[in-house]
Amino acid sequence: MSERRRYSSEKTKEALRHLVEGVPDAFFVLTGNMRWNEAKGKYVTSSFGVGDENSARVLGTALPAGGRDRVLATVEMNGAYPEAYLVAMSKSRDENKPTYASLIKDELMGKGVNEKQILLEEVSVDTITEYKEAARFWKERSWHNLVFVLAEWHVPRAMALFNHIEDFADSDEERELLSEFVRAIKSNALTVQFLDTTKILSTKSNKFKRFFEVTLANDPGMQARNAAEAKAVEQIKAGTYGGRTLTHKVWEDTL
């Protein structure tokens with residue numbers, strides 16, 4: 001690598017480090033979408049041009065979700081924090097498809113990430129269950145700083161749901177785990193952060209910045225996605241979501 005390229009790489013890493021607070025123990029890669037790649041003969045994470053199965057199931061319309069962006073963004077954060085673990089998350093609801101976690105792991109390794117830094121989580125199927133599994137990793141490994149890597153469109157709803165995570169406990173075991181998880185956050189023993197792929201990749205290059213700010217922002221499918229997300233956030237603000245009554249909060253001065 002030339003001196004100029006090495007300098008540019010170090011400047012990028014420095015800029016990426018400014019996106020997070022402290023030194024992360026782990027980056028949790030929240031799931032995106034997958035598609036079948038005929039040329040490669042396998043499933044791969046998809047671009048924003050492919051609608052996802054979850055929105056089709058819930059809304060009746062397959063809206064853009066992305067997926068590949070999470071992989072590319074996580075590669076960049078791995079360069080900035082090579083000692084942090086990367087937790088590839090989720091399985092597909094379709095048992096005939098590979099897990100999202102396995103695709104993310106394979107693609108991270110294909111980009112040069114050390115396999116030893118990648119952990120698989122193949123239980124969760126959505127944002128809420130991803131949080132529950134993240135809490136289990138935190139408990140088992142005594143981590144202190146967690147970063148969720150996700151798409152920008154997902155951030156408002158993801159943060160709103162996390163704020164009420166205790167209300168989604170489905171058993172006494174989960175209730176105890178999530179209560180302990182929240183107490184750690186409230187006591188500042190645990191830092192939880194949300195970092196979107198737009199910020200990460202826009203820091204990497206102006207090409208990505210233009211894509212997110214111009215191409216994606218003006219895409220009708222993404223506009224429909226953002227509208228659906230805003231509606232979901234309003235439901236959470238009103239204190240209900242998925243048939244649940246939301247009464248607990250991680251952060252009292254927010255949603």
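Scanning for something of a type outside the set (Val, Ile, Thr), part of a helix (DSSP H, G or I), on the phi < 0 side of the Ramachandran plot and modelled with pLDDT of 90 or more, does segment 26-35 turn up at least one residue?
To start, the set of residues in segment 26-35 that are of a type outside the set (Val, Ile, Thr) comprises 26-28, 30, 32-35.
If we keep only those that are part of a helix (DSSP H, G or I) too, we end up with none.
No, segment 26-35 has no match at all.
Can you tell me how many residues in segment 182-191 are in contact with a helix residue (DSSP H, G or I) (Cβ under 7 Å, 6 or more places away or on another chain) and farther than 16 Å from Val147 by Cβ?
Keep residues of segment 182-191 that are in contact with a helix residue (DSSP H, G or I) (Cβ under 7 Å, 6 or more places away or on another chain), which gives 182, 190.
Subsequent filtering for residues that are farther than 16 Å from Val147 by Cβ retains 182.
Result for segment 182-191: 1.
Quick check: anything in segment 215-224 within 26 Å of Ala15 (Cα to Cα) and either surrounded by fewer than 17 Cβ atoms within 10 Å (Cβ to Cβ) or touching a Ser or Thr at 6+ places or on another chain (Cβ under 6 Å) (or both)?
Taking segment 215-224 first, the residues within 26 Å of Ala15 (Cα to Cα) are 215-217.
Applying the additional criterion that residues be either surrounded by fewer than 17 Cβ atoms within 10 Å (Cβ to Cβ) or touching a Ser or Thr at 6+ places or on another chain (Cβ under 6 Å) (or both) yields 215, 217.
Yes, because at least one residue in segment 215-224 is within 26 Å of Ala15 (Cα to Cα) and either surrounded by fewer than 17 Cβ atoms within 10 Å (Cβ to Cβ) or touching a Ser or Thr at 6+ places or on another chain (Cβ under 6 Å) (or both).
Look at segment 103-127 and say how many of its residues are over 12 Å from Val71 (Cβ atoms), more than 15 Å from the chain's Cα centre (by Cα) and not in a loop (DSSP other than H, G, I, E, B).
Within segment 103-127, residues that are over 12 Å from Val71 (Cβ atoms), more than 15 Å from the chain's Cα centre (by Cα) and not in a loop (DSSP other than H, G, I, E, B) number 3.
Output the residues belonging to segment 144-181 that are small (Gly, Ala, Ser) and under 12 Å from Asp196 (Cα atoms).
From segment 144-181, those small (Gly, Ala, Ser) are 151, 158, 160, 169, 171, 179; that's our starting set.
Of everything in segment 144-181, those that are small (Gly, Ala, Ser) and under 12 Å from Asp196 (Cα atoms) turn out to be Ala151, Ala158.
Would it be correct to say that Phe194 is touching a helix residue (DSSP H, G or I) at 6+ places or on another chain (Cβ under 7 Å) and surrounded by 21 or more Cβ atoms within 10 Å (Cβ to Cβ)? Let's see the steps before the verdict.
Values: touching a helix residue (DSSP H, G or I) at 6+ places or on another chain (Cβ under 7 Å): yes; surrounded by 21 or more Cβ atoms within 10 Å (Cβ to Cβ): no.
Criteria not met by Phe194.
The values are calculated or read from the model by the stated rules, or taken from the named source; none is laboratory data. Note that the coordinates shown come from a computational prediction; the quantities given were computed from them, not determined experimentally. Because the Cβ atoms are built from the backbone with ideal geometry, glycine has one as well, and the counts that use them run over all protein chains shown.
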